[in-house]
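One structure is given below, encoded as structure tokens.
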Amino acid sequence: MTTPMNEFAVVTGASSGIGFELARQFAEHGYDLLIAAEDDAIEQAAADLRRDGRTAVVPVQADLATYEGVERVYAAILETGRDVDAIALNAGRGIGGDFTRDTDLGEELNVIAVNVNSTVHLAKRVLPDMVARGGGHVLFTSSIASTMPGTYQAVYNASKSFVQSFAEAVRAELNDTGVSVTSLMPGPTDTNFFHRAEMDDTRVGASDKDDPAQVARQGFEALMKEKEKVIAGSSKTKVQGVAAKMLPDKAKAEMHRRMAEPGSAN
């Protein structure tokens, strides 16, 4: 008798933070993995995920800000010969500061390339195969930032608004295909995000943040239940998500200013 293989999941941005914790959730639930990130820490992440000996993990180091990087990830998926049962399109980054007078264009275009371009690109490669098979789970990492104007994070919030809208539209299009689409909407989470975005001196950068393991667990559970979206994290984050639905954009922009303005931590 042939022993059936585990189901197979792909997670991008998986070397640390929410992405690594999402990969851990898949591993703990019996999935084999292909994980991708731009930095060489993806090798250590793979080693950590393999420790129980039950999970096969393929690490791929690729810069998803580039077309070639996304194609490298897709080629690695094809090379496994495995059908993708689930994919977490999680890779993302941000940049903080005054868009007109402070931030660097190259950095902002990189944010768009990672958050928007790579998400669309890899989804375009993987989803048709899922639809052809009539099944699969897709998780887009959006953010509660997608629901509000991002004063001092203008490009990041706009990119997450794109991801949120894109995820909801694709979900509607795939309604009768057997492929589920879920949007994961975390709030401020304890990862390297704010340091890399040069926001250590902001109120949000210096504040207490949610546990990425908690965010990932709630995201995985929502994905398996085929929910449309989940505001993940602490009760405080969930309250913020509800409030964001009710407040006018002008009020949300001012609230975001107080949290993300450079120097606001002082």
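The values are calculated or read from the model by the stated rules, or taken from the named source; none is laboratory data. The structure presented is a predicted model; accordingly, all values stated were derived computationally and were not measured. Note that we place each Cβ from the backbone using ideal geometry, even for glycine, and neighbour counts take in every protein chain shown. Protein only, heavy atoms only, side chains kept; ligands, DNA and RNA dropped before computing areas. Shrake-Rupley method; radii C 1.70, N 1.55, O 1.52, S 1.80 Å.
Between the alpha-carbon centres of the stretch 221-252 and the stretch 27-49 there is a gap of 28 Å.
Each residue of the stretch 222-237 was assigned a 3J(HN,Hα) from its phi angle through the Karplus curve 6.51 cos²θ - 1.76 cosθ + 1.60 (θ = phi - 60°); the sequence is 5, 4, 5, 8, 6, 6, 5, 7, 9, 7, 10, x, 6, 4, 4, 5 Hz, with glycine and proline shown as x.
What lysines sit close enough to residue 252 to cross-link, taking a C-alpha to C-alpha distance under 25 Å and skipping anything fewer than 8 places away on the same chain? Output for residue 252: 160, 209, 229, 236, 238. Residues 67, 152 ordered from highest to lowest accessible area at a 1.4 Å probe: 67, 152. Accessible area per residue for the stretch 55-166, computed on protein heavy atoms with a 1.4 Å probe, is 40 Å².
Overall, the accessible surface of the stretch 1-140 at a probe of 1.4 angstrom is composed of carbon and sulfur to the extent of 49 percent. Per-residue SASA remark: residue 235, around 90 Å² accessible (1.4 Å probe; ligands, DNA and RNA not included).
Checking every one of the trypsin sites (Lys or Arg not before Pro) in the stretch 190-266 against DSSP loop status and a limit of 11 other Cβ atoms within 10 Å picks out 225.
Note: relative contact order over the stretch 95-157, using C-alpha pairs below 8 Å and six or more positions apart, is 57 percent.
In terms of accessible area, using a 1.4 Å probe and ignoring ligands and nucleic acids, 231, 144 rank largest first as 231, 144.
Calculated mean residue ellipticity at 222 nm for the chain: -14000 deg cm²/dmol, from DSSP H runs with n ≥ 4 weighted as -39500 (n - 2.57), summed, divided by the residue count and rounded to 500.
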